[in-house]
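Before any comments, here is the structure.
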Amino acid sequence: MFNRKFKLPRDVRKAKFEPIKLIKGKPYINGEIANNNSVLITDVLIDTGSSDSLWLHEIDSLNFSYPRSGFNDYLGYTLTGEIYGRRSKLDQLSISGFKMERPTVSFPDYKKSLGMRANKNVTNNSNGSIGGEILRRFDVIFDFENQLISLSPNSNFNDGFYYNMAGIQLKVEGMSLVVTREKGFWAKSFYRNDGKENQSVSNTTKLIYEFSPQCYRI
């Protein structure tokens, strides 16, 4: 984002810009999504607050071929509540003419996750959104005043797309270690001699998590 009153660096002035749509103050860009010989061309929300690659929704009537493999998962927390859905991979995603192979994708189930709180305001502007796992592969410049965007591939562009299949997230904060542990995944915590589950680590305590078929020590 920039103000035209300031002089921009030379490399920025040479950047190639293309149109975006601003709907209720939110930016949307045209994307082309391919999978199993089917192609979906749709506007996707540029969601700078999301860490995922791509979310797709409301596409059942669009003759788009869903991925055959995938897994159910907790997708994240939004202003309307916790969202669950299905994760998988697609054949290709093209944004601004740049093609990314085998991107990860999430299919949120808003009705099942939110129940009566699910409404058209969640999905009425597009069929999906792109997040940080896509955007980190580009140097991004927004010109909101003129509804333009510049996407320039950076050194991250050719990185692969992966999922964290451990089913556990960890953070160091006070005595709490386990942030989330999802049901049905491979993470299984060891118990102490008194039968209580370890939830913290210190200089004298070691917490071991067992991942099939190997063990890793934290």
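The values are calculated or read from the model by the stated rules, or taken from the named source; none is laboratory data. Treat the numbers as computed from the prediction; the structure is a model and nothing was measured. For neighbour counting, all protein chains shown are included, and Cβ atoms are generated from backbone atoms with ideal geometry for every residue, glycine included.
Restricting attention to the stretch 110-148, and to residues there that are farther than 19 Å from residue 23 by Cβ and at pLDDT below 80, which single residue is surrounded by the fewest Cβ atoms within 10 Å (Cβ to Cβ)? Residue satisfying both the conditions and the ranking: 116. Restricting 107, 64 to those that are assigned to a loop (DSSP other than H, G, I, E, B) and either acidic (Asp, Glu) or crowded, with 17+ Cβ neighbours inside 10 Å (or both) reduces the list to 64.
Entry remark, the stretch 34-68: residues being of a type in the set (Gly, Ala, Ser), modelled with pLDDT of 90 or more and either under 18 Å from residue 94 (Cα atoms) or more than 18 Å from the chain's Cα centre (by Cα) (or both) number 4 in total.
Restricting the first member to the stretch 126-143 and to residues that are assigned by TED's automatic domain parsing to the domain that holds residue 58, and the second to residues that are of a type in the set (Lys, Arg) and not in a strand (DSSP E or B), the beta-carbon pairs closer than 9 Å and six or more apart or on different chains are 143/4. Of 97, 31, all but one fail to be closer than 23 Å to residue 155 by Cβ and without any contact (Cβ under 8 Å) to a residue 24 or more places away in the chain; the exception is 97.
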